[in-house]
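The values are calculated or read from the model by the stated rules, or taken from the named source; none is laboratory data. Note that this is a predicted model, so its numbers are computed, not measured. Neighbour counts run over all protein chains shown; Cβ positions are idealised from the backbone, glycine included. Note: accessible area is taken over every heavy atom of the protein model, side chains too, but ligands, DNA and RNA are not part of it. Shrake-Rupley method; radii C 1.70, N 1.55, O 1.52, S 1.80 Å.
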Amino acid sequence: MSTSDRKPRIVIAGAGIAGSLIASGLRDRTDCELICLERVAPQEQEEAGTGLNIGPNAIKAMRWYLPNEAETIVCNSLPWSVWTIALTNGQALMDLRLDAVADNPGIRIRWAELYALLRQPLSDTLVYNAELTGCGQDDNGTFVTWVNRATSDLRRLNGIDLLIAGDGRYSAVRQFVLGGPETPSFLNVCLYRVLFPAGPDCPIDDYGQWFNGPNRLLAYKVPGDFVYCAGSFPIPAGGQIPEAMKQPAALRQAYLPTEGEPSREAAFLIDSITRYASRIHWARLQEGTVTYGHKAGILLAGDAAHPMVPTLGQGATQACEDACVTVDEIRLALDAGEPLGVVPARVEARQAERARFVVDLSRRATDTMLAGADPVSGTRWKTEPAFQQELTKLYRDVSPPRGGVAAPQHWSSL
Ligand SMILES: Cc1cc2nc3c(=O)[nH]c(=O)nc-3n(C[C@H](O)[C@H](O)[C@H](O)COP(=O)(O)OP(=O)(O)OC[C@H]3O[C@@H](n4cnc5c(N)ncnc54)[C@H](O)[C@@H]3O)c2cc1C
């Protein structure tokens, strides 16, 4: 128990992937008070028009720590079992079966679907329209201030035993912990995303990438008969995305092969991104430093702890891993009657080194997307044993529960 006779109070900022999973893993506990503040309104993110591939490591971790949530997500997604790389003219460069480097498949899902699945069971603890505006620590512990976006009412929550920042890449709690805003590190690459109907002749299925020089198309099918496409191209150093590059004709030109005709898959994607250009979400590749907080009673998780480039699809994946380890440490601390202030340092001890490895590997794997890159040589090293061993570490070396439970099922028995 905490120092007073009340139940320990846990506040989660942000019901994204990390925040929702942590709340889900704790929602049946009667020995703590749980409040989750989410900025958006209930249906606001449902139209978020993109897809996600979540790595095998997240599914492995969830099967250990959050088996019901893992089951729900797997049942509502498509399996991610292969990773192919080719040039847009059809020349094959890599065909990796994930069972060579992972214990189970990953998944493909629409982002809006994932958020809806994760938030649906949280009606008792989730406060929508609640935007955290600040936080701090005083004699009573940690406090947060928040505004109700529907009514503009200002609120304050005091006496928080554990504040968990699941408020994403631009986390207000991260800014408090770091003492101010952080300048992200940009990789001078535009990454855009679009979701569109697959249609009857769609040649896209599992996860594939197609390069024309450093310009890359990444695509896969997601449930509901949609295709998710994430395209990229280099942009000038330190600059914004040139408006001229956002035009359909320029997008087409970026991926048309200089030698030969586009493959069936590349031609389909080029036609689709130009047809749906007005729906595209534009972003730039960026990353920040890894920190889980360094403050007793405040824990950063997911993107708030390790904003990384999404090249290996590990942002949401690592948010899942963080959530699993956080739930494990909170359950253990509650069971032992320990103050929850011990949790952040324990999560950091288990996750920080792994997060640094993932951030670093994601950045190194971005080599083929940088200005002047050659996708042929840049892909070759990804087919060699050293990179495959790193992928094996990435997909298999998930932190096992401290309390100890049976290992999850492996690929062959799924
Ligand atoms: C182009 C692109 C493609 C990507 N593709 C993949 C991929 O394929 N696979 C993958 O694993 N990752 C991918 N990622 C990364 C992934 O989306 C993130 O890493 C992941 O969503 C992080 O989860 P999170 O829980 O930390 O934060 P989020 O999922 O971002 O959730 C943060 C939540 O906090 C809420 N919030 C924010 N501020 C406040 C506030 N002040 N008060 C209250 N609530 C707040 C938000 O509304 C949101 O619900 C991609 C990212 C990008 C940009």
Restricting to DSSP H runs of at least four residues, report the calculated mean residue ellipticity at 222 nm for the chain, -39500 (n - 2.57) per run over all residues, nearest 500 deg cm²/dmol. -9500 deg cm²/dmol
Hits in segment 75-109: amide N under 20 Å from the 7 Å Cα→Cβ extension of ASP397, namely 98-106
Report the relative contact order of segment 190-229, percent, no decimals, based on alpha-carbon pairs under 8 angstrom and at least 6 residues apart. 45
Rel. contact order, % - alpha carbon contacts under 8 angstrom, at least six apart, segment 262-344: 28
How much of the pair distance distribution for the chain lies past 28 Å, counting alpha-carbon pairs only, in percent? 48
For segment 113-209, diffusion coefficient by Stokes-Einstein and Kirkwood Rh (Cα), 25 °C, 0.890 mPa s, µm²/s: 140
Could you sort the peptides 102-111, 188-197, 144-153, 88-97 by per-residue average Cβ neighbour count (10 Å cutoff), highest mean leading? 102-111, 188-197, 88-97, 144-153
By the Cα gyration tensor axes a ≥ b ≥ c (a/c under 1.5 gives rounded; else a/b larger than b/c gives prolate, otherwise oblate), the shape of segment 43-123 is oblate
Proximal charge balance of LEU251 [Cβ under 12 Å; K/R count +1, D/E count -1]: +2
Ranked highest first by average number of other Cβ atoms within 10 Å, how do 293-299, 209-215 line up? 209-215, 293-299
Sort 18-26, 219-227 by the packing proxy (mean of other Cβ within 10 Å over each peptide's residues), most packed first. 18-26, 219-227
The chain - percent relative contact order, Cα under 8 Å, separation 6 or more: 22
Within segment 212-359, what whole-number % of the accessible surface is contributed by carbon and sulfur, with the 1.4 Å probe and all protein chains included in the calculation? 52
Formal net charge of residues neighbouring ILE204 (Cβ-Cβ distance under 9 Å; K, R +1; D, E -1): -2
Does anyone have the angle between helix 385-396 and the longest principal axis of the chain? Alpha-carbon axes, 0 to 90°, nearest 10? 40
List, in the order given, every pair from LYS295/LYS393; LYS7/LYS60; LYS7/LYS295; LYS60/LYS382 whose Cα-Cα distance in the structure shown is over 25 Å. LYS295/LYS393; LYS7/LYS60
